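Remarks on the structure that follows.
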Amino acid sequence: MSTHKYYLGKCDGHGNGRKSCEAYINWDFNEEEGTFSANAEVWNSRKTDVILYGGCVDWVAAFFPDDKKAQAILKIWKEWNLNYLTAGSPAQMEFLKAHKAEIDEAMESGDGYYSAASYLLAKNGLNPDFNYPHNGKSSYAYASAWLTRELPADVIAEIKSWSAHE
């Protein structure tokens, strides 16, 4: 696994009109396992404490709209962050993405995401997914394991290009 830290520059992290806070985007890429994750951080003006950290790549990249590398990382992050922690089979994930409004509606009436997603998948013949054998079983039940979504070759090439320019 390779870990990388990209310094973006200073931003107005305190919201006081002064660009006095250092900002970074960090990413981990394991080419052998095909895994990617990223996070971001903004430090206070004295760099004694982090004022923003974690899954906030979108917020931090927004401070730097003209930084091509930050925007490229953001684009990959939105689609592929934590690609090794996927709860559903490819068919289940596509279905849930296409039926987001139904899940949101169920959650408004008190169901949690897992319950709403599991019910909707089962109702539509996708839980379990009989077209996705997993761990020696003939089907895959939603959220019964962490699955890895394979990174496309162009995404891998893009991630590797970031490291080449450090």
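Quick note: the coordinates plus some simple rules give every number you see, no bench work behind them. For clarity, every value in this text was computed on a predicted model and none was experimentally measured. Please note: Cβ atoms are built from the backbone with ideal geometry, for glycine as well, and neighbour counts cover all protein chains shown.
Counting only Cα atoms, the size of the chain along its three principal axes is 54, 40, 26 Å, in decreasing order. Given their separation in residues at 0.36 nm each and the Cα-Cα distance between them, Ile51 and Ser163 gain 37.7 nm when the chain is fully extended.
The order of Trp162, Trp80, going from fewest to most other C-beta atoms within 10 Å of their C-beta, is Trp162, Trp80. Relative to the longest principal axis of the Cα atoms of the chain, the long axis of helix 153-164 lies at roughly 20 degrees. Listed by chain and number, the lysines placed with their C-alpha closer than 27 angstrom to that of Lys97 are Lys75, Lys78, Lys123, Lys137; residues fewer than eight positions away on the same chain are left out. Once the Cα-Cα distance is subtracted from the 0.36 nm per residue extended length, the Lys75 to Tyr114 segment shows a gain of 11.4 nm. Where in the range 29-55 does the label zone of Arg18 land, with the point 7 angstrom along Cα→C-beta and an amide N cut-off under 20 Å? Flagged as within label range: 42-52. Treating r as the C-beta distance of Lys97 and Lys5 and R0 as 25 Å, the FRET efficiency rounds to 0.20.
Dimensions of the range 85-147 based on its C-alpha atoms, expressed as ranges along the principal axes with the largest first, amount to 37, 20, 15 Å.
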